[in-house]
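Beneath this line is the structure, given in structure tokens, with notes to follow.
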Amino acid sequence: MARSQTASRWTLLLSLVVLIACIVVPGLAVKHENFKTCEQSGFCKRNRALADNASAQGASWSSPYELDPATIHFKDGQLTGMLIKTTATNEKIRLPLTVSFLESGAARVLVDEEKRMKGDIEVRHGSKVNKKRYDEAEKWVVVGGLEISKSATLNAQTKTGFTNILYGPNDNFQAIIRHAPFEVDFQRDGETHVQVNHQGLLNMEHWRPKVEGQEGESEEDESTWWEETFGGNTDSKPRGPESVGLDVTFPGYTHVFGIPEHADSLSLRETRGGDGNHENPYRMYNSDVFEYELNSPMTLYGSIPFMQAHRKGSTVGVFWLNAAETWVDIVKKAGSSNPLSMSAHSKKDTQTHWFSEAGRIDLFVFLGPTPQDISKTYGQLTGYTQLPQHFAIAYHQCRWNYVTDEDVKEVDAKFDKYQIPYDVIWLDLEYTDDRKYFTWDPLTFPNPKGMQEKLDESERKLVVLIDPHIKNKDNFYVSQELTSKGLAVLNKDGEIYDGWCWPGSSNWVDCFNPAALPWWNSLHKYDKFKGSMPNLFIWNDMNEPSVFNGPETTMPKDNMHYGDWEHRDVHNVNGITLVNATYQAMLERKKGEVRRPFILTRSYYAGAQRMSAMWTGDNQATWDHLAISLPMVLNNGIAGFPFAGADVGGFFHNPDKELLSRWYQAGIWYPFFRAHAHIDTRRREPYLISEPHRTIISQAIRLRYQLLPAWYTAFHEASVNGTPIVYPQYYLFPDDEQGFTIDDQLYLGKTGLLAKPVVKENTFTTDIYIADDEKYYDYFDFTVYQGAGQRHTVPAPEDKVPLLMQGGHIIPRRDRPRRSSALMKWDPYTFVITLNKDGEADGSIYVDDGETFEYERGAYIHRQFHFRDSTLTSENLGIKGAKTAEYLKTMAGVTVERVIVVDPPTEWKDKSSVTVIEDGAKAGSTASLEYYEQQDGKAAYAVVKSPNVSIGKTWRIEF
Ligand code: NOJ
């Protein structure tokens with residue numbers, strides 16, 4: 001009795017401890033058991049085993065792949081030939097190889113398998129699956145840049161056993177193709193930068209028949225060739241093993257970036273274990289990872305298999321175009337190149353090893369030499385960032401859920417009452433009738449039109465959630481149409497696949513099917529999606545796809561899509577096929593109403609940047625999650641999809657006021673700036689937060705609004721050059737080795753604005769790293785910081801966003817606070833000029849209607865500003881189009897109301913006016929100038945009031 005009493009007391013105590021631990025520790029942990037490690041993934045394990053075997057054999061390892069010299073053919077910038085793989089049993093497998101040299105300077109290495117191409121294989125279980133290796137990823141991803149170079153030539157001075165091709169600008173690139181064992185080295189200016197199959201890990205798992213009763217007789221591990229079970233689900237693998245693998249070495253490169261999406265540092269880590277390294281490769285298999293963990297190579301919602309390798313003075317890159325599950329191992333080894341380097345930073349070779357479960361080897365190689373070159377060339381292939389509607393770059397207010405249409409109107413009114421600007425309010429899942437998309441809950445949203453009309457009074461927008469799973473219900477017309485038209489994803493037996501998601505039993509629209517597009521399109525029309533208005537836009541969530549009862553929370557790999565492709569083949573592009581369908585649908589919801597769609601997607605792949613914005617999914621209200629959001633957003637920019645953000649405030653849990661305020665101060669630097677919160681969290685709209693935090697948050701949002709002209713200009717730059725929108729340190733200072741790993745500070749476009757958000761609790765100063773010897777000025781009080789290669793301590797009290805301006809820039813902004821960004825459309829501009837060491841500065845602005853595609857017909861303003869020899873000039877960068885004159889007319893009254901010059905020459909003390917000369921005018925007018933003396937480490941500044949020059953015109957201001 002006594003014993004049992006003690007025991008129960010212990011149990012009670014233990015339960016209390018557990019309970020307290022649960023309360024105290026806010027962070028949740030991912031359920032590791034739901035997601036495969038490499039060891040648990042058959043093809044990952046096999047490819048790693050190959051790498052281990054090669055490394056164990058060292059110099060005696062030789063890749064069993066040879067390029068048959070008799071088959072080599074080079075014509076018009078393209079080399080073709082037959083790669084022969086010799087198996088352990090001396091079988092010869094024929095693998096057609098194409099190496100294309102592109103006009104853009106990129107090269108493309110493509111390897112397929114002859115037998116599968118010809119359909120000369122047998123599939124098991126009577127499956128109807130396509131016998132080819134998936135060759136349609138390009139269709140969803142690549143939009144240009146494939147023109148073959150006419151000037152690529154065979155290099156006559158080639159050793160026997162090699163075929164060398166000269167290509168690229170001025171023929172300064174060379175591909176050195178070794179026949180046996182097969183290897184391609186890519187050189188720029190005679191130096192090797194990228195080596196393909198240098199480690200000999202090329203692997204094409206060729207088709208072979210399953211011989212019943214003979215399992216285990218070969219030397220290879222066949223245990224996962226024909227079937228694979230994980231978490232209670234068995235994958236039937238009708239085509240047997242078919243993975244592809246390849247190593248890519250970057251000699252002399254210590255840093256690699258890219259391959260989102262991972263919650264990890266910007267500079268990617270090694271993945272073969274050891275101190276500070278990962279144990280698993282970086283995985284790319286778009287998944288709904290509940291309560292994801294940080295500093296991890298685990299997969300997340302999106303994938304872009306594009307990597308940049310960087311070292312002082314050179315950036316190169318590769319893009320692995322494969323839509324199947326993919327893993328990347330990274331190992332850094334003491335470099336073979338440059339052994340005598342005197343650099344303090346020892347050079348290493350970064351060896352990467354890529355493998356995918358299915359598909360072809362399709363590798364693009366970019367030789368730079370600058371990060372900008374890589375962004376441009378990669379963007380030519382996969383498309384540039386869509387220039388979004390202007391509202392989309394302002395502040396978005398979301399939560400799961402605003403519960404009624406009256407609730408939405410109240411939130412809207414409260415923002416106005418507290419004078420906090422916002423542009424978009426969002427409706428999550430619960431606005432629907434019983435989780436049936438394209439409907440409204442009749443009880444809670446009886447008047448959606450009235451709600452949208454109210455928002456429209458201040459030109460605000462509504463975004464609603466539309467997911468790809470359709471509630472499986474007989475009397476739901478969307479479900480009926482989906483099934484009767486044969487547009488749903490099928491299971492391996494050819495029946496409509498049924499899985500579990502928000503609505504319960506659901507079917508999935510198969511957007512690979514061309515017939516799904518007009519149908520999806522029809523659902524978005526005003527007469528079908530009743531109650532929706534022109535100021536409604538779309539959020540595509542759960543499009544990995546997330547399936548609650550599916551293996552690894554997604555679809556079985558042997559599900560079937562249009563074209564008889566298995567889900568295995570297409571998984572990673574699945575998300576963007578939905579976004580593509582929604583994009584087409586939103587382009588023209590009513591005849592003649594053509595506008596830029598705005599779509600937020602959770603799942604993505606290369607190319608998503610053409611159609612959507614992304615966010616980093618279900619993060620948590622912790623300081624660590626706030627901190628990791630910066631490298632995650634930066635990394636997306638490096639990978640060509642910069643319209644990125646994280647849920648401000650954290651999705652799970654309740655942030656305290658300090659964390660929430662700091663998150664807003666960081667969130668204003670996300671290209672996609674949205675607050676969002678889980679249904680179980682407390683309300684946290686900025687106006688609900690008590691002072692002083694309400695003001696702190698409002699000021700942060702206002703700072704975003706003030707700088708919207710600079711943001712829109714940065715978006716425009718991304719839309720034509722593929723650049724990030726917020727830049728990491730190495731991207732702007734590619735020669736400064738100290739900056740390569742810095743991923744907690746960022747630059748807004750080319751404006752010279754350098755922000756370093758505070759991401760630690762109780763922290764009231766921050767150290768900002770400055771790479772060059774220009775002066776940097778505090779944005780708010782012009783305190784000067786100078787000293788290259790050093791960290792400078794900047795005060796960061798709770799109400800301050802640490803923000804510097806580099807000398808040498810002209811920053812456009814709009815200083816009049818308004819309720820929404822649309823209401824700022826006709827407001828005048830302020831320019832802030834920070835002079836560089838030579839007393840000069842440059843800047844630019846891009847402006848258009850922020851809504852339509854009329855800019856394609858010249859309806860835009862693009863100006864370049866220079867400050868030289870005491871004169872500020874505005875020059876046209878635009879090209880005249882049919883709509884230019886008309887647009888300029890509408891903008892004629894939009895002027896510059898103020899010019900602030902930071903750190904002007906001291907002679908200006910005695911000036912009281914400047915001369916303003918608009919183009920065409922014979923005589924100038926004058927505007928007043930006021931000079932403010934420097935004090936306590938703060939730079940002097942001068943203000944020109946009301947020069948009133950038109951933003952769209954050519955003019956100069958003489959100081
Ligand atoms: C998952 C998304 O990540 C989250 O943002 C959203 O609130 C829920 N789905 C509910 O729709």
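Hey, Thr382 hits all of (1) of a type in the set (Val, Ile, Thr); (2) out of contact with any helix residue (DSSP H, G or I) (no Cβ under 8 Å at 6 or more places or on another chain); (3) surrounded by 24 or more Cβ atoms within 10 Å (Cβ to Cβ) but one; which does it fall short on?
(2)
Do we find that Thr444 is within 19 Å of Ser532 (Cβ to Cβ), away from the ligand (no atom under 14 Å from the Cβ) and either assigned by TED's automatic domain parsing to the domain that holds Pro551 or in contact (Cβ under 8 Å) with a residue 12 or more places away in the chain (or both) in this structure?
yes
For region 139-190, how many residues are among the acidic types (Asp, Glu) and either more than 20 Å from Leu95 (Cβ to Cβ) or surrounded by fewer than 18 Cβ atoms within 10 Å (Cβ to Cβ) (or both)?
Of the residues in region 139-190, 3 are among the acidic types (Asp, Glu) and either more than 20 Å from Leu95 (Cβ to Cβ) or surrounded by fewer than 18 Cβ atoms within 10 Å (Cβ to Cβ) (or both).
What's the total number of residues in region 603-622 that are touching a strand residue (DSSP E or B) at 6+ places or on another chain (Cβ under 7 Å) and within 21 Å of Phe715 (Cβ to Cβ)? I'd like the intermediate steps shown before the answer.
If we filter region 603-622 for residues that are touching a strand residue (DSSP E or B) at 6+ places or on another chain (Cβ under 7 Å), which is where we start, we get 604, 606, 608, 611-615, 618, 620-621.
Those still in the list that are within 21 Å of Phe715 (Cβ to Cβ) too: 604, 606, 608, 611-615.
So the answer is 8.
What are the residues in region 299-315 that are in a strand (DSSP E or B) and buried (at least 24 other Cβ atoms within 10 Å of the Cβ), if any?
Listed by number, the residues that qualify are Phe306, Met307, Gln308, Ala309, His310, Arg311, Thr315.
Considering (1) among the acidic types (Asp, Glu); (2) surrounded by 22 or more Cβ atoms within 10 Å (Cβ to Cβ); (3) assigned to a strand (DSSP E or B), say which one Asp743 fails and leave the rest.
(3)
In region 554-597, how many are surrounded by 24 or more Cβ atoms within 10 Å (Cβ to Cβ), touching a residue at least 60 places away in the same chain (Cβ under 8 Å), under 21 Å from Val464 (Cα atoms) and hydrophobic (A, V, I, L, M, F, W, C)?
The number of residues fulfilling the criteria is 3.
Being part of a loop (DSSP other than H, G, I, E, B), among the small types (Gly, Ala, Ser) and within 14 Å of the ligand (Cβ to nearest atom) is the filter here; which residues of region 619-646 pass it?
Matches in region 619-646: Ala621, Ala646.
Please verify whether Tyr731 is away from the ligand (no atom under 16 Å from the Cβ) and closer than 26 Å to Arg269 by Cα, treating the condition exactly as stated.
Yes.
Taking the condition within 16 Å of the ligand (Cβ to nearest atom) and modelled with pLDDT of 95 or more, does Thr616 pass?
It is true that Thr616 is within 16 Å of the ligand (Cβ to nearest atom) and modelled with pLDDT of 95 or more.
Any chance region 473-482 includes a residue that's within 17 Å of Thr554 (Cβ to Cβ) and crowded, with 23+ Cβ neighbours inside 10 Å?
Step one: list which residues in region 473-482 are within 17 Å of Thr554 (Cβ to Cβ), which gives none.
No, region 473-482 contains no residue that is within 17 Å of Thr554 (Cβ to Cβ) and crowded, with 23+ Cβ neighbours inside 10 Å.
Could you check region 395-416 and list, in sequence order, the residues that are among the basic types (Lys, Arg) and within 16 Å of the ligand (Cβ to nearest atom)?
Of everything in region 395-416, just one residue is among the basic types (Lys, Arg) and within 16 Å of the ligand (Cβ to nearest atom), namely Arg399.
For residues in region 451-469 being charged (D, E, K, R) and within 16 Å of Leu600 (Cα to Cα), which is nearest to the ligand (Cβ to nearest atom)?
Only one residue tops the list, namely Asp467.
Tally the residues that are among the basic types (Lys, Arg) and assigned to a helix (DSSP H, G or I), restricting the search to region 533-582.
If we filter region 533-582 for residues that are among the basic types (Lys, Arg), which is where we start, we get 557, 568.
Then drop every residue that is not assigned to a helix (DSSP H, G or I), which leaves 568.
The qualifying residues number 1.
Does region 590-604 hold any residues that are in contact with a helix residue (DSSP H, G or I) (Cβ under 6 Å, 6 or more places away or on another chain) and within 16 Å of the ligand (Cβ to nearest atom), and which are they?
Scanning region 590-604 gives Ile599, Thr601, Ser603, Tyr604.
Being within 16 Å of the ligand (Cβ to nearest atom), aliphatic (A, V, I, L, M) and either touching a residue at least 40 places away in the same chain (Cβ under 8 Å) or more than 30 Å from Gly145 (Cβ to Cβ) (or both) narrows it down to one of Ile679, Ile696, so name that one.
Result of the check over Ile679, Ile696: Ile679.
For region 689-707, which residues satisfy the criterion of being surrounded by fewer than 21 Cβ atoms within 10 Å (Cβ to Cβ), of a type in the set (A, V, I, L, M) and out of contact with any Leu (no Cβ under 9 Å at 6 or more places or on another chain)?
If the condition is that a residue be surrounded by fewer than 21 Cβ atoms within 10 Å (Cβ to Cβ), of a type in the set (A, V, I, L, M) and out of contact with any Leu (no Cβ under 9 Å at 6 or more places or on another chain), then no residue fits.
From Gly550, Gly563, Gly649, Gly607, grab the single residue that is on the phi > 0 side of the Ramachandran plot and within 16 Å of the ligand (Cβ to nearest atom).
When all the criteria are applied, what remains is Gly649.
Within region 490-529, how many residues turn out to be in a loop (DSSP other than H, G, I, E, B) and without any contact (Cβ under 8 Å) to a residue 12 or more places away in the chain?
Counting residues in region 490-529 that are in a loop (DSSP other than H, G, I, E, B) and without any contact (Cβ under 8 Å) to a residue 12 or more places away in the chain gives 3.
Could you tell me whether Val403 is in a helix (DSSP H, G or I) and at pLDDT 95 or above? Can you show your working first?
Values: in a helix (DSSP H, G or I): no; at pLDDT 95 or above: yes.
Answer is no for this residue.
Among the listed residues Gly245, Gly240, Gly200, which satisfies the condition of being within 23 Å of Pro64 (Cβ to Cβ) and buried (at least 23 other Cβ atoms within 10 Å of the Cβ)?
Checking each option against the conditions leaves just Gly245.
Can you report the number of residues in region 872-911 which are over 18 Å from Tyr932 (Cα atoms), in contact with a helix residue (DSSP H, G or I) (Cβ under 9 Å, 6 or more places away or on another chain) and β-branched (Val, Ile, Thr)?
1
Mind counting the residues in region 188-212 that are in a loop (DSSP other than H, G, I, E, B), aliphatic (A, V, I, L, M) and modelled with pLDDT of 95 or more?
Matching residues across region 188-212 total 2.
In region 789-871, which strands (runs of 3 or more DSSP E) lie fully inside it and hold 3 or more residues that are in contact with a helix residue (DSSP H, G or I) (Cβ under 9 Å, 6 or more places away or on another chain) and either of a type outside the set (Gly, Ala, Ser) or in contact (Cβ under 8 Å) with a residue 12 or more places away in the chain (or both)?
On the way: elements: 790-795, 803-806, 809-813, 829-834, 841-848, 860-868.
Strands (runs of 3 or more DSSP E) meeting the threshold: 809-813, 841-848, 860-868.
Give region 95-135 a look and list any residue that's within 30 Å of Asn721 (Cβ to Cβ), outside any loop (DSSP other than H, G, I, E, B) and not hydroxyl-bearing (Ser, Thr, Tyr), or say none.
Matches in region 95-135: Val99, Phe101, Leu102, Ala107, Arg108, Val109, Leu110.
The values are calculated or read from the model by the stated rules, or taken from the named source; none is laboratory data. Please read these numbers as outputs of a predicted model, since none were measured by experiment. Neighbour counts are summed over all protein chains in view; Cβ atoms, including those assigned to glycine, are modelled from backbone coordinates with ideal geometry.
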